[in-house]
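Please treat every number below as a calculation from the coordinates, not as lab data. What you see is a predicted model, and the numbers here were worked out from it, not measured in a lab. Cβ atoms come from the backbone with ideal geometry, glycine included; neighbour counts cover every protein chain shown.
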Amino acid sequence: MKRATAAGALSLTAVLLFQLAAPSPAHADEWRDKEYWLTDYGITEAWKKTQGEGVKVAVIDTGIDPSHPDLAGAVSGGTDVSGAGDPRGARGLGVNPEHGTLVATLLAGRGHTDSGSGDSEDSADSGDSADAKDSGDKDKEKYDGPGNGPDGIIGVAPKAELLSVSAWIGGSNPGGVPIDDQLPNAVRWAVDSGAKVINMSLGSSSTAWPESWDDAFLYAEQNDVVIVAAAGNRGVGMIQVGAPATIPGVLTVAGLDRQGKASWDSSSEGISIGVAAPAENLVGGLPNGPARYAEWSGTSAAAPLVSGVAALIRSAHPELSAAQVINRIITTAKDGGAPGRDTLYGYGIVDANAAVNANVPAVAANPLGTIEEWIRIHRRGEAPAAPESEPPAGPAVPDIPEPQVPVAAEPYLEEDPVPAALVLGFGGLILLVGTAGTIAVLRVRRSGRAVPEPGTEGPPEGGEREKAPAELV
C-alpha cells in the first residue's frame, strides 16, 4: 500500500509539474530573443570561461527527442527504465511525452542556423529547400557565438553532453515497471554511464520517499554526482516540497517569476529548498513536427537551468567534488526574501557567473546534508555519529579567580561623623521613649491605681486594690 501511494503521488505531480502553452510555428530566432535568463542571471558572462565542455548530464524524464534541431550532437547516450520506451530513451512517454525534450533544450540546447528549423517542409519545392540549406551553412560559418547557431533555444550549458533516461511518469505504465523501481534504476544507470550531474524535473506530493530509493541516491552520493530536483508547483496543489527534492544532499530548485520574486503558481515552499531560478515565461523545444517550440512554466523548467550551472562549474573546475559544486551554487546565490536561508528562496537566487568565477572556500561535506547519514539514523535507528575531530579552538576563556574568604576587619578607632550621628540619633530616640514611659508610670501611680500584671484579674493576692487619687482621673 505504501509503495502504491508513493508511486501514484509522484505520477500526478510529474504530469502537472509544468504548464505548456500552445506551440507556435514562429521562426526560431524569435525564441532565442525570449531567453531573458541568459543575461539576467549571469549565464552569458559565465560562458566566457566555460560552456559545459566535457561534462555529462543525465536527464531522468519522459525521454528526449535527439532529432530536434537544437539538440543536434547534444545527446550522447540513453536508456529506458520503464520497459515501454525506446532503448535509447529517444521517444517521449506517458501523458506528457514532450516534457523531457523541453527540459533538455533549456539545459543543453545548442541552437542552430535557420536551415535546421524544421520548416523546410513549408518550402515551395526542393530547390527552395536547397537554397535555404546553402544560406544556413553560410550563416553557420559566420556564427562565432555559443552553440551551433544564432537561432532556436540555447541551454545554460550548450557544450555539455546529455544522457536521456526515459521513464513512464503518469498514468498506467504498459511496461509494467512501477515508478518506485524506475527511478532508482534510472539513477544507477546514470551514475554508471558517467553522469556528473543528474536532473530530475519531477516530484511527489509526499515529503517521504520509498525505501527502494535509498541505495540508489546513496550510490550517486558515493560516486560524487550532483543531483538537482524540482521543488514542485503550488498552482497544481504542491504547497510543500515533495520527494525526491526532500532527500538530503539533493539540490532543490524553487521558482521565480519574471521580476525575480518567488513565484506563486510555479513554485512551492519547504526547508529543503537550496536555490531559486526562473520558472515563469520560459521557452523550450518540443519533439516531432514543424511547430517545435513552446512557452512553459514551472520548477520543471527552473531545475535544468540550475543543472546547467552545475555542469558549467564541473567543466571549469573539474577538481571540485559534488559537495563543493553545490556549495558554490548556494553560497554565491543572491539573497532573496527574508535575510539568510528561507523556505521560499533557499539560500537565494542563482547567479551563474558568480558560481563559476567567484573565490569560494572549499568545504569537506555537502551543506545540504547526506543520504548516508540519514539512512544510518532513520532506517537503521543508530545514534548520530560523534565528531571525528576536535572542534576548532574558540576564543580563550578568561581565568576566573578563586573566591575570596571574608576576613574580619579591625575595629575602626577614629571618629566618623556619619556613623556617630546615626548612633546619637538612635540614642536620643531611646532616651526620649524611656523618659516618656517613666512620666506615664508616675502619673498612674499618683492616681492611686496599680498597673496589673499581664494575665491577672482583681487585686494582688494578700491585699486590696489601691484607690486612685481623684486628680489623676
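Multiplying the sequence separation of Ser193 and Thr39 by 0.36 nm and subtracting their Cα-Cα distance, what value in nm do you get?
On the way: separation 154, 0.36 × 154 = 55.44 nm, distance 3.24 nm.
Result: 52.2 nm gained on full extension.
Mind scanning Lys34/Lys159; Lys49/Lys196; Lys34/Lys261; Lys56/Lys142; Lys34/Lys334 and naming the pairs with a C-alpha gap bigger than 26 Å?
Details: Lys34/Lys159 21 Å; Lys49/Lys196 19 Å; Lys34/Lys261 19 Å; Lys56/Lys142 28 Å; Lys34/Lys334 23 Å.
Beyond 26 Å: Lys56/Lys142.
Assuming 0.36 nm per residue, please report the length gained on full extension of the stretch Arg88 to Asn281 beyond their Cα-Cα distance.
Working: separation 193, 0.36 × 193 = 69.48 nm, distance 3.07 nm.
Computed gain between Arg88 and Asn281 is 66.4 nm.
FRET efficiency for Arg258 and His378, Cβ-Cβ distance as r, R0 = 45 Å, nearest 0.05?
Values: r = 40 Å, r/R0 = 0.88.
The formula returns an efficiency of 0.70 here.
Against the 2.2 N^0.38 Å scaling, with N counting residues, where does the range 2-379 land? I'd like the Cα-based Rg ratio to two decimal places.
Values: Rg = 19.3 Å, N = 378, 2.2 N^0.38 = 21.0 Å.
Relative to the 2.2 N^0.38 Å estimate, the range 2-379 comes out at 0.92.
Given points 7 Å out from each Cα along the Cα-Cβ axis, report the Ala365 to Lys48 separation in nanometres with one decimal.
3.8 nm
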